[in-house]
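Enquirer: Mind looking over this structure? Questions follow.
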Amino acid sequence: MAKWVNKNIKWIFTAPTIIFILLCVTYPILYTLQLSFCEWGMSANIPKKFVGLQNYIEIFSDSRFWDAFWRTINYTLIAVAIETILGVAIALLLGKITRHTGIIRTVFLLPMVATPVAVGMVWKLIYDPTIGLANLILRKVGLPTSAWLGSSDTVFSSLIIIDIWQWTPMVMLMVLAGISGLGADVFESAKVDGANEMQLITRIQLPLLAPTILMAILLRVIDALKTFDIIYSTTTGGPGYSSENLNILSYRNAFEYFYMGKASALLIVFFIVVLVVAILYMLLKARIERRYES
Amino acid sequence: MKNKRRIKPKKICMKTIFWIVVVCIMFVNLVPLLWMLSASFKTIVDIMNPKKMFVFTPTIKNYIEVFTKYSFLKPIINSLIVSTGATVLACLFGLPAAYAIARYKQNKLSLIILAVRIIPAITFLVPWYIIFSKLKMTGTYTSLIMANLLVSLPLIVWIVTPYFGSIPKELEEAAFIDGSSVFNSFIRIMIPLSAPGIFTAAILSFIYAWNNFLFALILSSSSTKTLPMAVFNFISYTSVNWGGLMAAAVVITGPVIIVSIALQKYVVSGLTAGAVKG
Amino acid sequence: MKKRNVALLTGAMMATALSVGAGAEDAGLSQDYAGQTISVVVCNSSFMEEIQKDIGEFEEATGINVEFESLQDAQVSNKVAVASAAGGKDLDVFGYRPLQESLLYIKNGWLEPLNTYFEGDTAFDYEDFFESAREITSQDGTAYGIPYLTEREILYLNTELVEKAGLEGSPKTYDELLEWCDKLNDPDNGVYALALRGEGNAAVTQFSGFLRGFGGDFFDEDRNATMNTPEAIEALQFYGKLCREYCAPGVLNMNWTETMNLFTQGLAAMRIDCDSQYAFATDPEASLVADKVGYGVFPEGPAGTTPFNVTAWALGIGSGSEHKEASWEFVKWAVGKDQDIKGLVAGNSSARTSTWESEEAKTAYPEQLAEVINESNPVGVATDRPYMVDGGEARTIIGELITAAIEGISDEDLQAKADGANARIQALLDAEK
């Protein structure tokens, strides 16, 4: 018996996880896939009606979907780009500090761990055009005020600001961890060679940190594509559809209009989008890493 | 000391600017949370009044309301049960899997687990509700814990695998020679040696489960409602109690923030675990 | 008057005679379902808070356990939909918004017909509910829900600002409304003439009063969408102008909470929205203008005075429920005459005639508001949004038009947009036939 256990230990050890994934993940995905070819108003009394590809055709011919699609992509690109630049810059700045690192890290940690729906409510109040903190500050420094979440022109950038506030710290902390892993001797020898500060950063630190930065970007990209809680608790997609990403659009189709079939099709498309982006990114990352290694 | 300073005034100046910049960045980071904290001590009228932005008479009425009128104790307990349950279960499932991935190079499994992380959570809500309903388990802690496992399990595997991988095989092999089974050496050697990594992953899984809103929205019932759901108690059909809402936000984020401050080292290394994996 | 006193007296005597769980016994609650557990999902409101407080009395009187859950409005329908998709076993009593959910819920078979439950129950007195409220919760003579929250579109006034501008009473017509707006608007001092919902989807209901006021509607009797008629365009442009020129910046994201904040902070002289929210405006802890709130009837448009007068919430019983009788006991108690009056005192706009005529109503509601309500009731239109199965999506489409109108758009461009929107609404209407 013991021998059998030892021999098959890798299956025994992975069994609970595999069973969980088969039961709780595979079934819902197959169910969703099946629903995406049906029309169903979420009533147990009215059977699902098979409609073939109609849901997909409807989605792809709907400008609202394409708006949400590009909004999702743009949101991710812009937010993650800014977060990466800011995060790396701040990390390089703080990388020099040897004292008080605990306090500094803690401060940067907080936006990330604070409950998103609660944070969303706080930002909603901050962004309030008449009574909010944001416009109060703008007024104090004599700048024109903004409608923030209130206008389809500014809602997108207002949400990105929240995302940046919340997630720049993650990139920053990851890079900071990377810096501390590099050790001091690399720099010392470079300094001896007469390299200046800028050269130190661009020629030595950044290349060495590249894998860390790329990993941070990957994790951020996946999460930014799936942003939900913050948008749900601030605008739920409004004004109009102007802050609707694919996740919110799927949610509204399912739980606001009860178009379960269409929502399922949307979710499948959405999943494929995230998957493709993740795979593309991983391929790119592998390529860059190979170049650095050689 | 004094001499040195006199010699390099430029450096001191640079250093001051440096610290001012650092403090400014940190302050910007904290503003929304400080704003939340201050609003939680204001009456609704004062929250709405820009003139009372900084100077106001603090009141703890909102907090009293949170615990008496809206009985927040129950959701706090529910959140604790669900977050702890999900974390424990994720460890039970995830640690052996992480070990198998690290030792037997089961990369396919690790890819599948990564894919789970990518699936939009909405996909699960309706099918899961239907399953739980058939099992007569809707609105139970079990259903919420299972749902949160979806986030916690990949997290545990993701973070702990490299820790297991970094432990030299020789240690285990020595144990095998002494007649220890794989299972025994896993419990006696691998887990204690990876304790910091496991602790890190567990804290993070707890925080994510604590913050989760979407699963609770669909799967919880009145008796298992978790904290993120309870925020919406303050938004009624005909009025919004902003003061209570902000106090609730403080109550909800408070524990997570305290845990993060106390266990800062672990939380940071958890969140940056991607870097460890490379 | 005398009759009611007698009735009250008998009720009181009976209660004393039975001397168990007073109040509850009046409604004729039964112990037959003791031991059953029912789940109740409703939307947060002052009335439901009151019910939650008293739920122990109900449990004691009937022996039924109640799992009471109170959520935000949209979350209630999320719950109902998901639970119904799974067969509805977990869903006993729930709140719903008749105007946007009745047709869909009935079509999907989610609501239990209630006639057999209340017929012959004189204590419950179904006929006591407003006729319009009974109509909107019924289909072909079958009642599917019991209305409990009604609301009308009215004008809130900041009496201090109105007096300062040398005005009196309230604007009676759209032209007067514009005049008042011109006089009251003072953006340099941060005070705006009007607070109006500008967030497209949310604005649809408040816009409906103007749409009808100009002689338009969402669709006609033959279910032809009419959102691109000259009347509709005129109403859209008028509503857009009001929001753009007389409301605070950021109007496009304003739902009722934002406009309420502006009003309670004294930053808006007038506000058009539902009367059901009055308690917040007159609460000194929530409002700086608590003692300066005036009320006016929604102004008259070219086609008449057309505020909405709607049933916002009703209680229904799930058709898949396994405890229908126990559920009915709860509904009977919760929206029975006694609890309903308690709700009114807590600030709920009841759907019961007897509640409004009660002694409590005379002191619970501000006098001027009561007058406005009485005046709005007979002229009010029973719907404030497209009343159709896919009302949710139609509402979003109309919301887009409102957003465009507020952002300032030429008549031609708006016409083009409205033609497109109309076609989409028509497609939704056709799909329902």
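The values are calculated or read from the model by the stated rules, or taken from the named source; none is laboratory data. Since the structure is predicted, the reported quantities are computational estimates derived from the model, not experimental observations. Note that we place each Cβ from the backbone using ideal geometry, even for glycine, and neighbour counts take in every protein chain shown.
Enquirer: Among the candidates C:GLY343, C:GLY408, C:GLY391, C:GLY347, single out the residue that is under 25 Å from C:ASP217 (Cβ atoms) and either crowded, with 19+ Cβ neighbours inside 10 Å or without any contact (Cβ under 8 Å) to a residue 60 or more places away in the chain (or both).
Expert: Every option except C:GLY391 fails the conditions.
Enquirer: If you don't mind, another one. In this structure, is A:GLY181 free of Cβ contacts under 8 Å to residues at least 40 places away in the same chain and part of a loop (DSSP other than H, G, I, E, B)?
Expert: no
Enquirer: Return a yes/no flag: does the range B:44-55 have any residue that is assigned to a loop (DSSP other than H, G, I, E, B), away from every other protein chain (no Cβ under 12 Å) and more than 30 Å from B:ILE203 (Cα to Cα).
Expert: Yes, the range B:44-55 contains a residue that is assigned to a loop (DSSP other than H, G, I, E, B), away from every other protein chain (no Cβ under 12 Å) and more than 30 Å from B:ILE203 (Cα to Cα).
Enquirer: Kindly indicate which of B:PHE183, B:PHE176, B:PHE232 is in contact with a helix residue (DSSP H, G or I) (Cβ under 9 Å, 6 or more places away or on another chain) and either buried (at least 21 other Cβ atoms within 10 Å of the Cβ) or within 14 Å of chain C (Cβ to nearest Cβ) (or both).
Expert: B:PHE232
Enquirer: Further question on the same structure: Return the only residue of B:ILE44, B:ILE7 being buried (at least 18 other Cβ atoms within 10 Å of the Cβ), at pLDDT below 90 and not hydroxyl-bearing (Ser, Thr, Tyr). Show your work before the answer.
Expert: On the way: B:ILE7 fails: buried (at least 18 other Cβ atoms within 10 Å of the Cβ).
So the residue among B:ILE44, B:ILE7 that is buried (at least 18 other Cβ atoms within 10 Å of the Cβ), at pLDDT below 90 and not hydroxyl-bearing (Ser, Thr, Tyr) is B:ILE44.
Enquirer: Scanning the range B:99-124 for residues that are without any contact (Cβ under 8 Å) to a residue 12 or more places away in the chain and more than 7 Å from every other protein chain (Cβ to nearest Cβ), which turns out surrounded by the most Cβ atoms within 10 Å (Cβ to Cβ)?
Expert: Filtering first and then ranking leaves B:ALA115.
Enquirer: Separate question: Any chance the range C:180-202 includes a residue that's under 22 Å from C:ASP419 (Cβ atoms) and not in a strand (DSSP E or B)?
Expert: Yes, there is a match, as at least one residue in the range C:180-202 is under 22 Å from C:ASP419 (Cβ atoms) and not in a strand (DSSP E or B).
Enquirer: Do you know which residues across the range C:35-71 are of a type in the set (Phe, Trp, Tyr) and either more than 26 Å from B:LEU219 (Cα to Cα) or in a loop (DSSP other than H, G, I, E, B) (or both)?
Expert: C:PHE58
Enquirer: Consider A:LEU214 carefully, then state whether it is within 19 Å of the chain's Cα centre (by Cα), touching a residue at least 40 places away in the same chain (Cβ under 8 Å), in a helix (DSSP H, G or I) and closer than 18 Å to B:LEU217 by Cβ.
Expert: no
Enquirer: How many of the residues in the range A:13-46 are among the hydroxyl-bearing types (Ser, Thr, Tyr), under 30 Å from B:VAL157 (Cβ atoms) and more than 8 Å from chain B (Cβ to nearest Cβ)?
Expert: Of the residues in the range A:13-46, 2 are among the hydroxyl-bearing types (Ser, Thr, Tyr), under 30 Å from B:VAL157 (Cβ atoms) and more than 8 Å from chain B (Cβ to nearest Cβ).
Enquirer: Given the conditions (1) within 12 Å of chain A (Cβ to nearest Cβ); (2) farther than 23 Å from C:SER46 by Cβ; (3) in contact with a Phe, Trp or Tyr (Cβ under 6 Å, 6 or more places away or on another chain), report the number of the one that C:VAL80 does not fulfil.
Expert: (2)
Enquirer: Please state which of the following conditions A:ARG99 fails to meet, knowing it meets all the rest: (1) within 11 Å of chain C (Cβ to nearest Cβ); (2) of a type in the set (Lys, Arg); (3) closer than 29 Å to B:VAL268 by Cα.
Expert: The single condition A:ARG99 does not satisfy is (1).
Enquirer: Considering every residue within the range A:159-179, establish whether at least one is under 16 Å from the mean Cα position of the chain (by Cα) and within 14 Å of chain C (Cβ to nearest Cβ).
Expert: The answer is yes, given that some residue of the range A:159-179 is under 16 Å from the mean Cα position of the chain (by Cα) and within 14 Å of chain C (Cβ to nearest Cβ).
Enquirer: Please determine, by comparing only the residues of the range C:186-231 that are surrounded by fewer than 20 Cβ atoms within 10 Å (Cβ to Cβ) and closer than 28 Å to C:LEU161 by Cα, which one is nearest to the chain's Cα centre (by Cα).
Expert: C:VAL191
Enquirer: Any chance the range B:60-69 includes a residue that's part of a helix (DSSP H, G or I) and loosely packed, with under 13 Cβ neighbours inside 10 Å?
Expert: There is at least one residue in the range B:60-69 that is part of a helix (DSSP H, G or I) and loosely packed, with under 13 Cβ neighbours inside 10 Å.
Conditions (1) in contact with a helix residue (DSSP H, G or I) (Cβ under 9 Å, 6 or more places away or on another chain); (2) free of Cβ contacts under 8 Å to residues at least 60 places away in the same chain; (3) under 22 Å from C:THR396 (Cα atoms), marked per residue:
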{"residue": "A:ALA195", "(1), (2), (3)": "yes, yes, no"}
{"residue": "A:LYS226", "(1), (2), (3)": "yes, yes, no"}
{"residue": "A:GLY237", "(1), (2), (3)": "yes, yes, yes"}
{"residue": "A:MET260", "(1), (2), (3)": "yes, no, yes"}
{"residue": "A:VAL276", "(1), (2), (3)": "no, yes, no"}
{"residue": "A:ILE279", "(1), (2), (3)": "no, yes, no"}
{"residue": "A:GLU289", "(1), (2), (3)": "yes, no, no"}
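Enquirer: Among C:VAL379, C:VAL389, which is the only one that is among the β-branched types (Val, Ile, Thr) and within 17 Å of the chain's Cα centre (by Cα)?
Expert: When all the criteria are applied, what remains is C:VAL379.
Enquirer: Of the numbered conditions (1) under 24 Å from B:ILE203 (Cβ atoms); (2) outside any helix (DSSP H, G or I); (3) of a type in the set (Phe, Trp, Tyr), B:PHE93 fails exactly one; give the number of that condition.
Expert: (2)
Enquirer: Inside the range A:1-101, counting only helices (runs of 4 or more DSSP H) that do not spill past its ends, which hold 2 or more residues that are of a type in the set (Phe, Trp, Tyr) and at pLDDT 85 or above?
Expert: In the range A:1-101, A:9-20, A:27-35, A:54-60, A:63-94 are the helices (runs of 4 or more DSSP H) which contain 2 or more residues that are of a type in the set (Phe, Trp, Tyr) and at pLDDT 85 or above.
Enquirer: Please verify whether C:ARG212 is assigned to a helix (DSSP H, G or I) and not polar (S, T, N, Q), treating the condition exactly as stated.
Expert: In short, yes.
Enquirer: Output the helices (runs of 4 or more DSSP H) that fall wholly within the range C:263-363 and possess 3 or more residues being more than 30 Å from C:LYS79 (Cα to Cα) and not charged (D, E, K, R), or say none.
Expert: Filter on the range C:263-363 gives C:353-357.
Enquirer: Which helices (runs of 4 or more DSSP H) does the range C:84-158 wholly contain that include 3 or more residues that are in the same structural domain as C:ALA326 (by TED's automatic domain parsing) and buried (at least 23 other Cβ atoms within 10 Å of the Cβ)?
Expert: Passing ranges, in order: C:98-107.
Enquirer: For the condition touching a strand residue (DSSP E or B) at 6+ places or on another chain (Cβ under 9 Å), under 20 Å from C:ILE409 (Cα atoms) and β-branched (Val, Ile, Thr), what is the one hit in C:THR205, C:THR226?
Expert: C:THR226
Enquirer: Just one of C:GLY316, C:GLY294, C:GLY304 is among the small types (Gly, Ala, Ser), more than 14 Å from chain B (Cβ to nearest Cβ) and under 18 Å from the mean Cα position of the chain (by Cα); which is it?
Expert: C:GLY316
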